[in-house]
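Trainee: Take this structure, written in structure tokens, and hold onto it; I'll ask about it next.
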Amino acid sequence: MTHVLDPQAEDERRRLEQCVQEPIRTPGSIQLHGAMLAIDPATLTIALASENCDVILGTPAGELLGQPLALAVGASWVSAQLSAISGAAPARNPMPLSIGERDFEAIVHQSDGLTLIEFEPALGDENDRSAVAVYGAMHRLAKLRTRRELWEATARELCKLTEFERVTIYSFHSDGHGEIVAEEVPNDMEPYLGLHFPASDIPNQARQLYLSKLSRLISDSSGPTSPLLALPSASTTDPASIDLGMTELRSASPHHLQFMRNMGQASTLTLSLVREGTLIGMITLANRTPHRVSYLLRQGLEVLANQVSLQLSAMDEIDRLTGQVQARSIRTRLVDQREVRESSDAPALAAALFSGDLTVLDLVPASGAVLTLDGSTYSIGAVPSNKAIATLGAWAATEQIAGNYATDSLPTAHPELAAHLPGVTGLLLVPLPGSGDFLAWFRPEITENIKWLGAQTTANRVTPLSPRTSFSSWTQSVSGKSAPWTGLEIEAEELSRDLAGALVRHAEAKLAALAMRDALTGLPNRRLLMFQLENVLSNRRDSPTALLFIDLDAFKVINDTHGHEVGDQVLLETSDRILASIRAGDTVARLGGDEFVVLCERTSTDEAGAVGQRIVDAIRQPMEPGGIPLVVTASIGIADAEDLTTAEALLRGADVAMYRAKRSGRDQLSR
């Protein structure tokens with residue numbers, strides 16, 4: 001959705017403040033096409049009466065005040081509707097009523113301890129037609145599957161049902177401003193389709209009223225209203241204190257009536273589109289001359305509007321689920337890439353996410369994205385500098401973001417942070433659980449041309465706070481926002497959890513590998529060697545296998561004389577020389593201390609002896625660990641698996657042979 005920055009923001013704020021001060025629920029007056037009485041439900045006497053009672057009901061208000069309700073409507077009607085009038089049971093509106101030769105629809109409400117009775121003159125046989133017509137329209141609308149079809153068909157159906165000249169359907173954006181998404185309009189009236197209007201056109205208190213009162217008829221915008229009158233006694237209820245919010249005849253504010261007149265509307269019927277307690281749109285039916293429809297038809301249209309809201313909700317949910325399925329499919333493919341599943345370090349994992357056939361930008365479209373991992377930064381597309389990314393990471397840590405952070409207007413939401421991220425207007429950031437690392441996507445600012453329903457300038461108003469005088473299309477260039485992240489925040493958050501899980505698995509695999517490896521040389525340790533020996537011996541059949549046991553001569557003297565750091569360097573150099581001396585299929589392990597083992601599969605003792613001699617010769621060569629010249633020698637024992645068929649026996653046999661080599665003078669082999 002688009003966020004609109006009104007260039008006349010201060011005037012709009014003042015207009016909203018002015019509207020808030022208008023007593024729209026307690027105007028103390030009603031529209032002229034009907035009459036109203038306020039009854040004390042305990043005594044059934046008339047406490048308030050609209051001034052026009054003489055015109056509508058045939059009896060002046062002054063003659064009705066303080067008198068029994070029966071004086072106005074007859075005792076039989078009062079008796080028949082007593083439970084509703086007294087508030088003992090809900091009213092089944094409308095209640096037919098005849099006064100003299102005139103038929104009415106009577107509508108009963110309870111408000112502020114009084115029973116309000118509205119009298120609307122009946123409109124012939126309209127009620128007989130309305131239920132069937134509304135049902136038929138709802139049945140046709142229920143078959144539609146796209147928003148555009150639903151909006152357009154709703155406008156057409158309402159135009160036929162009510163005979164209002166113009167039907168306009170508004171959809172509200174997240175910032176409160178609206179857009180005209182469909183209309184039915186005669187050829188001689190200016191079209192408004194596609195135009196936007198500011199949030200101030202429908203102030204918050206009006207929106208709240210539209211949530212509780214789902215339809216609103218204004219039969220004549222010419223201005224005159226009928227005030228509610230009370231007996232001139234100190235104990236009488238003040239008419240201006242009575243909440244008329246749920247009534248049908250409540251008079252409109254002068255500001256709204258002027259707005260209607262400026263738009264050329266003499267009468268309107270407004271229907272609310274509500275989803276889960278939120279006003280998502282409105283439907284306005286308008287006429288250039290006074291026009292009204294019956295209460296029963298209005299109630300039917302409320303049901304129709306509710307069906308439209310439900311259909312729109314279902315379409316939104318289908319779109320959401322479809323987008324979610326598509327995004328999750330991409331996310332699944334992204335994290336199931338072999339490179340992601342099998343990568344053994346952070347760079348390999350990042351490379352799979354940021355440079356493969358499928359990347360993080362396929363999941364969350366953006367101009368660029370970054371991943372911080374183990375002190376390194378990986379990126380794709382256009383991203384801020386590493387210094388700026390570090391600042392972003394510090395900000396995220398300070399803010400203690402949980403889940404995700406998304407904004408399509410970073411300069412407005414966090415101007416200090418935006419100063420460090422030039423060119424970034426949209427930011428979506430998700431931390432990787434259990435670490436200080438994060439994923440972030442960046443989007444640039446976009447500029448849109450918004451067509452307004454009338455210029456939003458002071459030149460288009462009589463005063464800065466009055467309604468617009470012209471509603472001709474007015475175009476404004478709007479910026480300061482990126483494309484919205486709608487729905488993508490959750491997928492980004494899920495991806496961060498997937499990556500965290502992958503990193504845990506990698507760490508566990510690494511720990512498992514370390515448990516089988518010597519920490520100093522990286523060679524297999526005793527545990528892994530014994531596992532391999534047992535496997536080789538159980539599967540060798542008749543092929544020969546030999547084991548070399550290598551022990552450095554006088555290694556303790558090196559440690560004691562030069563220290564353990566030099567000793568460790570000697571061990572590392574010895575490891576390298578052994579690896580350089582063996583064959584491709586041989587396995588080298590470090591048992592601990594200065595003891596090494598070489599497993600020679602499919603090798604006779606003679607062939608193993610040749611390998612061992614190369615190792616003795618290689619180790620004997622001078623080395624300079626830590627710059628200290630040394631000559632190190634080794635004694636090697638050889639054992640044959642033909643005679644020793646278990647791993648422990650073979651290792652022990654090679655160890656015994658190694659000691660024979662030491663006793664024979666060291667720096668040699670023994671079998």
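Trainee: Any residue in the stretch 432-461 that is within 16 Å of ALA492 (Cα to Cα) sitting within a Cβ distance under 8 Å of a residue that is assigned to a loop (DSSP other than H, G, I, E, B) and among the charged types (D, E, K, R)? List the pairs, counting only those 6 or more apart or interchain.
Mentor: That search, which allows pairs on different chains as well, returns ASP437/ASP374; ARG443/ASP408.
Trainee: Any idea which of THR115, THR59 is surrounded by 15 or more Cβ atoms within 10 Å (Cβ to Cβ), assigned to a strand (DSSP E or B) and out of contact with any Leu (no Cβ under 6 Å at 6 or more places or on another chain)?
Mentor: After applying the criteria, what remains is THR115.
Trainee: Now for a different question. Show me the helices (runs of 4 or more DSSP H) entirely contained within the stretch 259-377 in which 2 or more residues are β-branched (Val, Ile, Thr) and surrounded by 15 or more Cβ atoms within 10 Å (Cβ to Cβ).
Mentor: 295-335
Trainee: If you go through the stretch 177-197, how many residues are buried (at least 18 other Cβ atoms within 10 Å of the Cβ) and not hydrophobic (A, V, I, L, M, F, W, C)?
Mentor: Residues meeting the conditions: 7.
Trainee: Another question, if that's okay. Considering only the stretch 406-429, I want to know if a residue exists there that is under 18 Å from ASP374 (Cα atoms) and not in a helix (DSSP H, G or I).
Mentor: Within the stretch 406-429, one or more residues are under 18 Å from ASP374 (Cα atoms) and not in a helix (DSSP H, G or I).
Trainee: For the stretch 386-402, which residues satisfy the criterion of being without any contact (Cβ under 8 Å) to a residue 12 or more places away in the chain and either surrounded by 15 or more Cβ atoms within 10 Å (Cβ to Cβ) or in a loop (DSSP other than H, G, I, E, B) (or both)?
Mentor: Of everything in the stretch 386-402, just one residue is without any contact (Cβ under 8 Å) to a residue 12 or more places away in the chain and either surrounded by 15 or more Cβ atoms within 10 Å (Cβ to Cβ) or in a loop (DSSP other than H, G, I, E, B) (or both), namely GLN400.
Trainee: Here is a follow-up. Is it the case, given these coordinates, that LEU244 is surrounded by 20 or more Cβ atoms within 10 Å (Cβ to Cβ), touching a Pro at 6+ places or on another chain (Cβ under 7 Å) and in a strand (DSSP E or B)?
Mentor: So LEU244 fails the test.
Trainee: State which residue is nearest to ARG652 (Cα to Cα) when the search covers only the stretch 565-593 and only residues that are of a type in the set (Gly, Ala, Ser) and part of a helix (DSSP H, G or I).
Mentor: SER575
Trainee: Within the stretch 38-52, which residues are over 52 Å from the mean Cα position of the chain (by Cα) and either within 11 Å of THR237 (Cα to Cα) or not in a loop (DSSP other than H, G, I, E, B) (or both)?
Mentor: Once the filter is applied, which keeps residues that are over 52 Å from the mean Cα position of the chain (by Cα) and either within 11 Å of THR237 (Cα to Cα) or not in a loop (DSSP other than H, G, I, E, B) (or both), the stretch 38-52 yields THR45, ILE46, ALA47.
Trainee: Further, regarding this structure: Yes or no: VAL383 over 18 Å from the mean Cα position of the chain (by Cα), surrounded by 12 or more Cβ atoms within 10 Å (Cβ to Cβ) and part of a loop (DSSP other than H, G, I, E, B)?
Mentor: It is true that VAL383 is over 18 Å from the mean Cα position of the chain (by Cα), surrounded by 12 or more Cβ atoms within 10 Å (Cβ to Cβ) and part of a loop (DSSP other than H, G, I, E, B).
Trainee: Examine the stretch 634-657 for a residue that is buried (at least 21 other Cβ atoms within 10 Å of the Cβ), touching a helix residue (DSSP H, G or I) at 6+ places or on another chain (Cβ under 9 Å) and hydroxyl-bearing (Ser, Thr, Tyr), and state whether such a residue exists.
Mentor: Yes, because at least one residue in the stretch 634-657 is buried (at least 21 other Cβ atoms within 10 Å of the Cβ), touching a helix residue (DSSP H, G or I) at 6+ places or on another chain (Cβ under 9 Å) and hydroxyl-bearing (Ser, Thr, Tyr).
Trainee: Also: Residues to consider are SER221, SER233, SER200; find the one that is crowded, with 19+ Cβ neighbours inside 10 Å, more than 21 Å from LEU269 (Cβ to Cβ) and not aromatic (Phe, Trp, Tyr).
Mentor: SER200 is the lone residue from the list that is crowded, with 19+ Cβ neighbours inside 10 Å, more than 21 Å from LEU269 (Cβ to Cβ) and not aromatic (Phe, Trp, Tyr).
Trainee: Does the stretch 411-424 contain any residue that is in contact with a strand residue (DSSP E or B) (Cβ under 6 Å, 6 or more places away or on another chain), in contact (Cβ under 8 Å) with a residue 24 or more places away in the chain and within 24 Å of SER376 (Cβ to Cβ)?
Mentor: yes
Trainee: If ILE169 satisfies all but one of (1) touching a Gly at 6+ places or on another chain (Cβ under 9 Å); (2) over 25 Å from MET315 (Cα atoms); (3) modelled with pLDDT of 95 or more, what's the number of the condition it fails?
Mentor: (2)
Trainee: Name, by its number, the condition in (1) modelled with pLDDT of 95 or more; (2) more than 23 Å from HIS564 (Cα to Cα); (3) in contact with a strand residue (DSSP E or B) (Cβ under 8 Å, 6 or more places away or on another chain) that does not hold for CYS600.
Mentor: For CYS600, the failing item is (1).
Residues are listed down the side, and each one gets a yes or a no for (1) out of contact with any His (no Cβ under 8 Å at 6 or more places or on another chain); (2) aliphatic (A, V, I, L, M); (3) crowded, with 17+ Cβ neighbours inside 10 Å; (4) farther than 26 Å from ARG338 by Cβ:
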{"residue": "ASN404", "(1), (2), (3), (4)": "yes, no, yes, yes"}
{"residue": "ALA413", "(1), (2), (3), (4)": "yes, yes, no, yes"}
{"residue": "ALA419", "(1), (2), (3), (4)": "yes, yes, no, yes"}
{"residue": "ALA440", "(1), (2), (3), (4)": "yes, yes, yes, no"}
{"residue": "LEU453", "(1), (2), (3), (4)": "no, yes, yes, yes"}
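Trainee: Would you confirm, using the coordinates I've provided, whether PHE104 is of a type in the set (A, V, I, L, M, F, W, C), out of contact with any helix residue (DSSP H, G or I) (no Cβ under 8 Å at 6 or more places or on another chain), closer than 20 Å to PRO68 by Cβ and in a strand (DSSP E or B)?
Mentor: It is true that PHE104 is of a type in the set (A, V, I, L, M, F, W, C), out of contact with any helix residue (DSSP H, G or I) (no Cβ under 8 Å at 6 or more places or on another chain), closer than 20 Å to PRO68 by Cβ and in a strand (DSSP E or B).
Trainee: Give the stretch 532-564 a look and list any residue that's surrounded by fewer than 16 Cβ atoms within 10 Å (Cβ to Cβ), in contact (Cβ under 8 Å) with a residue 12 or more places away in the chain and in a helix (DSSP H, G or I), or say none.
Mentor: GLU534
Trainee: Just one of ALA654, ALA618, ALA610, ALA639 is aliphatic (A, V, I, L, M), part of a helix (DSSP H, G or I) and touching a Gly at 6+ places or on another chain (Cβ under 6 Å); which is it?
Mentor: From the options ALA654, ALA618, ALA610, ALA639, the qualifying one is ALA654.
Trainee: So which of ARG156, ARG140 is closer than 19 Å to THR268 by Cα, over 27 Å from the mean Cα position of the chain (by Cα), surrounded by fewer than 21 Cβ atoms within 10 Å (Cβ to Cβ) and at pLDDT 95 or above?
Mentor: Just a single option satisfies the conditions, and that option is ARG156.
The values are calculated or read from the model by the stated rules, or taken from the named source; none is laboratory data. Being a predicted model, the structure only gives us computed values, none of them experimental. Positions of Cβ are backbone-derived with ideal geometry, glycine not excepted, and every protein chain shown enters the neighbour counts.
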